[in-house]
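Down below is the structure, laid out as structure tokens.
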Amino acid sequence: MEAKVKPDWAGEDLLSRFVNLLIQIKPIYGLMKQQARQVLIKTAEKKGIPWRENCQKLDNSETKALLEQITNPEISYPDYYQVPFHAYDRGNLCWQAAFEATSATQSMALRVWPEENISWQTAQERLRSSFHQVLGQYSPNHVQDVLDIGCSVGMSTLPLHRYFCQQQNQKIRTVGLDLSPYMLSVAKIQDSQGEIAEWIHGLAEKTPFGDNSFDVVTLQFVLHELPGHATEEIFREVLRILRPGGCLGIVDNNPRSPVIQNLPPALFVLMKSTEPWSDDYYTFDVEAALQKVGFDYKTTVATDPRHRTIIGIKPMSP
């Protein structure tokens, strides 16, 4: 039997439409949102992630004092970014989301291998290294400048930076860009050694960088949080700022994953209740969009049981 290209609970399928109707009923949505939070927190704390302690530590740090310094007052937030998601009414534009992001990310990696008794540290290493291995195969031989778009609190950015420093056997310049100044404030605090050149508050669709500025750009667990039109706009911008021969690496949920397709009903309802652009993402043809805007699409690889890595290269100048 041919594998399904997406889960039945996403898109226009009957099951998907039924779940969407449930989510639109406010009391049910509120319950789903709280349940989604509890699933995350319980998974984390069972595996030794000190969720509440991590939040308290950040709340007592200098993080909040960085907000004004990091915030770009000229940013106009797109409509898609101002809807509730991840069980937060203000999405990523609040301290609670920023303070919980590290623990939530650590917990997310553990859910990839639920039957294995592994630590969150091991799960994170597996998650990142599986992506880096594919990315490294298609990146230019000489990598000097790297950009992590949608960097959040830097959980993806620091391992990416260290990977290329090791591969190149020299220091490289890595930049993290995100639309949430709250997340970036946490990222800057957690980058205690100042390894990342800049943490920039900016739009992925309209970055402050010049043409041909980077050798590698990554979008790590970003696309599932976007409507399709925004994804295509970001691809166009990445094509502009990559150098010829430069590499775009994407890692995100895999619509063809049997694990994701066969989630228990309670879990996929919870997932859709906290991810407003799920239907867009699971029905969006990423590879076709890359080719449409001008990338040389290279490969899609299932890099773990839940996620896929997609690679596009900016063509060399004619």
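The values are calculated or read from the model by the stated rules, or taken from the named source; none is laboratory data. In this text the structure is predicted, and so the values were computed from the model without any measurement. Because the Cβ atoms are built from the backbone with ideal geometry, glycine has one as well, and the counts that use them run over all protein chains shown. Side chains are part of the model used for accessible areas, which takes the heavy atoms of the whole protein and leaves out ligands, DNA and RNA. Shrake-Rupley method; radii C 1.70, N 1.55, O 1.52, S 1.80 Å.
What to note about this one:
- For the set 71, 283, 309, the ranking by accessible area, highest first and with no ligand, DNA or RNA atoms included, is 283, 71, 309 under a 1.4 Å probe.
- Screening the chain for whole DSSP H helices of 15 Å or more along their axis (Cα) with average Kyte-Doolittle hydropathy at least -0.5 returns 14-24, 95-110, 228-241.
- Two numbers describe the Cα atoms of segment 271-318: Rg and Dmax, which are 13.6, 46 Å.
- Unit charges at the beta carbon, dipole of segment 86-178: most positive-side option, 123, 94, 142: 142
- Accessible-area order (highest first, 1.4 angstrom probe) of the listed residues 95, 9: 95, 9
- Cβ-based net charge around residue 236, under 14 Å, with every Lys or Arg adding one and every Asp or Glu removing one: -1
- Projection of the Cα convex hull of segment 107-168, averaged over all directions and equal to a quarter of that hull's surface, yields 4.7 nm².
- For segment 180-241 versus segment 117-179, the inter-centroid distance based on Cα atoms is 13 Å.
- Proximal aspartates and glutamates relative to residue 26, as straight alpha-carbon distance under 13 Å, when same-chain residues fewer than 8 apart are discounted: 89
- Of all accessible heavy-atom area on segment 74-194, the percent that carbon and sulfur account for (1.4 Å): 43
- Cα pair distances of the chain binned at 20 Å [whole percent]: 32, 62, 6
- Prolate/oblate/rounded call for segment 3-112, Cα gyration tensor, a/c under 1.5 rounded: oblate
- Over the chain: helical MRE at 222 nm, DSSP H runs n ≥ 4 each giving -39500 (n - 2.57), nearest 500: -13500 deg cm²/dmol
- Per residue solvent-accessible surface (Å²) - the chain, probe of 1.4 Å: 47
- Cα gyration tensor shape for segment 183-265, rounded if a/c is under 1.5, else prolate or oblate: oblate
- Rg(Cα)/(2.2 N^0.38 Å) for segment 173-318, N = residue count: 1.11
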